[in-house]
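Reading through the structure tokens given below for one structure.
The values are calculated or read from the model by the stated rules, or taken from the named source; none is laboratory data. Fair warning: this is a prediction, and the values are worked out from it, not measured in the lab. Cβ atoms come from the backbone with ideal geometry, glycine included; neighbour counts cover every protein chain shown. SASA here: full protein model, heavy atoms, side chains in, ligands and nucleic acids out. Shrake-Rupley method; radii C 1.70, N 1.55, O 1.52, S 1.80 Å.
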Amino acid sequence: MLSRSAQGLYWIGRYLKRAEHISRLMNVQVAALIDRPLAHIYFGWTRLYSHLGTSSPVAALRDWSEESDGWGLADSFTLADDLTFTRTNDYSICSCFEMGRENARQIRHCVSSEMWICLNRSYFRIREQHIEDIWTGNPQQFYADMVQDIHTFMGVASSTLYRDEGWDFLQIGRVIEHAQLMSALLVFQVSESESEKYGDLEDYDWLSLLQCFQADEAYQHYYGLKVEPDKVLNLLVNDVRLPNSIYFALDQIRSRLDELGDAPGNRNGATANRFAGRLTSLIKYEWPDAEDKKRMLTLLENLAFRLHDYISSAWFNYEIDDSVRF
Amino acid sequence: MFEVLHDYILVRHALGRGRVQIEVKDYDYDPLFYDEMFGSPEDPRSHCRKLLDEILSMSVEELDSVHERVTRTFSSQSISFTLYGEDEVTERIIPIDCIPRILPSSEWDVLEAGLKQRVAALNSFIVDVYSNCRILDDGVMPVDVVKGCPQYRIEMHGVQMPLNAPVGVCGTDMVRTHDGFRVLEDNLRVPSGVSYMIANRQATKANFRSIYRDYRVREVEQYGRHLYETLSEFNPRGNNDPCIALLTPGVFNSAFYEHMFLADEIGADLVEGRDLLVNDGYVYMRTTSGLRRVDVIYRRIDDDFIDPLFFREDSILGVPGLMHAYRKGNVALVNAPGTGVADDKSIYAFVPDMIRYYLSEEPILANVDTYLCRFPKDLEFTLDNIDKLVVKPVGGSGGYGLFLGSRATDEERNEFIEKLRADPANYISQPELALSRAPCWIDRQLEPRCVDLRPFILTGTSSRIVGGAFCRIALPKDSLIVNSSQGGGAKDVWVVDF
């Protein structure tokens, strides 16, 4: 497969996962707007912007204090618009769909027609809407629909996409994005949860985190109703049975890289495979005993970013020498 | 259920509950134009009767819903082209008209023979002007018209062209007047539109299922197979499994949809310049398994940009060294660089002479009368009759730079005359033609609109043409400009045995 096509599929996977991730968090956040105290809402917005590494368009969010009245629910409208429809914000759901579709458009012949039609419909649906259209109705349903659209797309891909390397790169892109966003989110969570600036969060921070990843049901099933940060972290980081755990994602990358075998950028290919293996081992064998979870999560976040570079130089932008000609 | 009146003078009558019968009494038939469906307002052409019956058996709502379904097929698949405005780039869905244009096979067969003849002569001409220049030595064409043509590539002189077929893919624009079909221009560089021909067919036949079957319409869907076979014939390695790549300038090109579509149809990789590299005179593409040798490149990128070492050095779209590999015969380029010399508008005027010269045959298809403003006599004629003529820049395409004398204001006319006098060699003029019109479904009624026809001719070791064409429509009322970039639409063409 053409390297650029493989790279296109990889980025489709990444952008759609990012859209799904933000939609999930937005779903929980707009639910919080109904009945949560301002402090919880503020925490939710800060968590969203911080872990995405982007800045909020509302200055008051940056300078907030619980006593000030410079910030309120009205700003949530602006923030929701920014993260949903603003096309100048690379992290808005609409932009993620647009970039995912643009990648698909460039390699249209490498995705099935049904995938293209599915993605195209979702893209036009979101592009033709505005924040006003969803805000007065049921914004939660809108975000749930976005997640559903992406599930549908992946389901169509699963049913129709030819199982060559393209399929592997689509999946690798999806899970590497998940691993990066999830570790960034957890770094923020362990750093900021104890901060006094949010007041008493009453476990909302951890409970809402579980809800973002549909992990609240699994948590209650295995750990009961009491929300304990260590247990939440263990579930989201190294539970082998939770499809949204970081371990689950990294293990998928490792096994897909194994399936892909040697890459043309040979040295880097082997490095990427070994590197993914080291990452999964780190979680499996070192995480349970690690005392400084924040340090571990920061390390994971950095390593996940490096994994992207290794994959890119192994398959997409490898150096040319005689050994790679056939 | 519905009453169909076979004298074709229909009276609007309500079909209860607001359903309204389609009628043709308001159809704006104009005897000045050849009408593709009606010989006269009362008399549809015999090969169109069945289609007209089908349309008239529908209510306005039904045909509207057919129209909407056809349009939706295009938008859901984003069958589009890119339009470059001054400030922004838009992805435009080509407006498709749901009513097909029908051509009887008796007419089509003449067109097909004429097109094959024309392309054979054009190929001979291109090979000749880049080798022995016999046609110039024999005085059939003036040397300065050929060698002064901006599309003449001196770099191609002496280059061996595989199969002596520099034009592997040709899209010829034809128009019809009361005098019959005429060739308006040959597109020999990177002709586009074939994907819309196939997409139009798929959308239209799905909505006229029963009469499509009755009509026994010739298929266009095998175009991809013909294209693959044609490209394979150029394979320099001569093996059965050539590696074919379609070279696109990228997603910002106006015909990018077509590039994707065709790559898919022929099972080729859609590559950009950055995916290819040349090493030791061979071309390779960068794949996830390493470098793979490329045998045939169906290039959809202009000569200027194909190789920065050979043509424009500032090109970032092309592949450095590609022409070196081509000259060594290690890769085939379809179409060959330099073919533009034969579709220049001033060369066009000589195509009938080429046919007589190379093939010793009389041209089957006529040209439109053409005046080369580079000749003082023709310039004088053009200036004297400018209000009746269409003046075109010789190297232009896409309808850009075209001057329609009859529709210009005095000020525009004077301004254009100055331009024309300043650089007469850059222009040709032709009489303004009354292009044939075909009924289209516009604003819930049948409206005539001007149409043209672009069949595609494939040439490798032999010539192949599918029975169908890309038909463009000038959508604005009374417009003569059918180019997609200027607001044109498209409709399906059915070649039927009749």
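Structural remarks
- Candidates are the residues of the range A:100-115 that are surrounded by fewer than 21 Cβ atoms within 10 Å (Cβ to Cβ) and under 14 Å from A:PHE153 (Cβ atoms); the one that is nearest to the other protein chains (Cβ to nearest Cβ) is A:SER113.
- Filter pass, B:VAL296 being within 10 Å of chain A (Cβ to nearest Cβ) and within 26 Å of A:SER113 (Cβ to Cβ): no
Residue-wise test of (1) touching a Lys or Arg at 6+ places or on another chain (Cβ under 6 Å); (2) modelled with pLDDT of 70 or more.
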{"position": "B:VAL4", "(1), (2)": "no, no"}
{"position": "B:ARG17", "(1), (2)": "no, no"}
{"position": "B:TYR34", "(1), (2)": "yes, yes"}
{"position": "B:CYS48", "(1), (2)": "no, yes"}
{"position": "B:ARG69", "(1), (2)": "no, yes"}
{"position": "B:ILE79", "(1), (2)": "no, yes"}
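- B:VAL119 meets each of the listed conditions (1) in contact with a strand residue (DSSP E or B) (Cβ under 6 Å, 6 or more places away or on another chain); (2) open to solvent by 10 Å² or more (accessible area, probe 1.4 Å) apart from (2).
- B:GLU313, sole failed condition from (1) away from every other protein chain (no Cβ under 14 Å); (2) in contact (Cβ under 8 Å) with a residue 24 or more places away in the chain: (2)
- Pairs meeting the criteria (first residue in the range B:18-32 and touching a residue at least 40 places away in the same chain (Cβ under 8 Å), second residue open to solvent by less than 80 Å² (accessible area, probe 1.4 Å) and of a type in the set (Val, Ile, Thr), beta carbons under 8 Å, at least 6 apart or on different chains) are B:ARG19/B:VAL60; B:VAL20/B:VAL60; B:ILE22/B:ILE55; B:ILE22/B:VAL60.
- Of all the numbered requirements in (1) crowded, with 20+ Cβ neighbours inside 10 Å; (2) within 21 Å of B:TYR152 (Cα to Cα); (3) of a type in the set (A, V, I, L, M), B:ILE297 misses one, and that requirement is (2).
So that you can scan it fast, the table gives a plain yes or no per residue for (1) open to solvent by 10 Å² or more (accessible area, probe 1.4 Å); (2) under 23 Å from A:ALA19 (Cα atoms); (3) within 14 Å of another protein chain (Cβ to nearest Cβ):
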site: A:SER158; (1), (2), (3): yes, yes, no
site: A:TYR162; (1), (2), (3): yes, no, yes
site: A:LEU170; (1), (2), (3): no, yes, yes
site: A:SER183; (1), (2), (3): no, yes, no
site: A:VAL187; (1), (2), (3): yes, yes, no
site: A:LYS197; (1), (2), (3): yes, no, no
site: A:GLU202; (1), (2), (3): yes, no, no
site: A:PHE213; (1), (2), (3): no, yes, no
site: A:LEU225; (1), (2), (3): yes, no, no
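- For the range B:216-234, taking the residues that are surrounded by fewer than 19 Cβ atoms within 10 Å (Cβ to Cβ) and assigned to a loop (DSSP other than H, G, I, E, B), the one that is farthest from the other protein chains (Cβ to nearest Cβ) is identified as B:ARG216.
- All positions within the range A:300-326 that are modelled with pLDDT of 90 or more and open to solvent by 70 Å² or more (accessible area, probe 1.4 Å): A:ASN302, A:PHE305, A:ARG306, A:ASP309
Residues checked against (1) aromatic (Phe, Trp, Tyr); (2) at pLDDT below 90:
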{"residue": "A:TYR42", "(1), (2)": "yes, yes"}
{"residue": "A:ASP63", "(1), (2)": "no, yes"}
{"residue": "A:GLY70", "(1), (2)": "no, yes"}
{"residue": "A:ARG87", "(1), (2)": "no, no"}
{"residue": "A:TYR91", "(1), (2)": "yes, no"}
{"residue": "A:PHE97", "(1), (2)": "yes, no"}
{"residue": "A:ARG121", "(1), (2)": "no, no"}
{"residue": "A:ARG125", "(1), (2)": "no, no"}
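- Annotation: A:PRO243 fulfils all but one of (1) more than 14 Å from every other protein chain (Cβ to nearest Cβ); (2) crowded, with 21+ Cβ neighbours inside 10 Å; the unmet one is (2).
- Each residue in the range A:73-119 was checked for being among the hydroxyl-bearing types (Ser, Thr, Tyr) and under 21 Å from the mean Cα position of the chain (by Cα), and 6 of them qualify.
- Within the range B:305-331, tally of residues that are closer than 21 Å to B:VAL251 by Cα and open to solvent by 50 Å² or more (accessible area, probe 1.4 Å): 6
- Among the residues making up the range B:384-398, a single one is in contact with a strand residue (DSSP E or B) (Cβ under 8 Å, 6 or more places away or on another chain), under 18 Å from B:ASP452 (Cβ atoms) and either part of a loop (DSSP other than H, G, I, E, B) or at pLDDT below 85 (or both): B:SER397.
- Annotation: B:GLN202 fulfils all but one of (1) open to solvent by 20 Å² or more (accessible area, probe 1.4 Å); (2) closer than 22 Å to B:ILE126 by Cα; (3) at pLDDT 90 or above; (4) not in a strand (DSSP E or B); the unmet one is (2).
- When every residue of the range A:128-141 is checked against the conditions, at least one turns out to be surrounded by fewer than 20 Cβ atoms within 10 Å (Cβ to Cβ), over 30 Å from A:GLU259 (Cα atoms) and within 14 Å of another protein chain (Cβ to nearest Cβ).
- Selection count, the range B:247-261, where residues are within 9 Å of another protein chain (Cβ to nearest Cβ), in a helix (DSSP H, G or I) and in contact (Cβ under 8 Å) with a residue 60 or more places away in the chain: 3
- Residue list for the range A:277-298, restricted to those being in a helix (DSSP H, G or I) and open to solvent by 60 Å² or more (accessible area, probe 1.4 Å): A:ARG278, A:LYS284, A:TYR285, A:GLU286, A:PRO288, A:ASP289, A:LYS294, A:ARG295
- Applying a threshold of 7 Å to beta carbon distances and a minimum spacing of six or more residues, or different chains, the list of pairs starting in the range B:128-155 at a residue that is among the charged types (D, E, K, R) and ending at one that is in a loop (DSSP other than H, G, I, E, B) reads B:ARG153/B:PRO337; B:ARG153/B:GLY338; B:GLU155/B:PHE310.
- The range B:262-289, subset within 8 Å of chain A (Cβ to nearest Cβ), among the hydrophobic types (A, V, I, L, M, F, W, C) and in contact with a His (Cβ under 9 Å, 6 or more places away or on another chain), residue surrounded by the fewest Cβ atoms within 10 Å (Cβ to Cβ): B:ALA263
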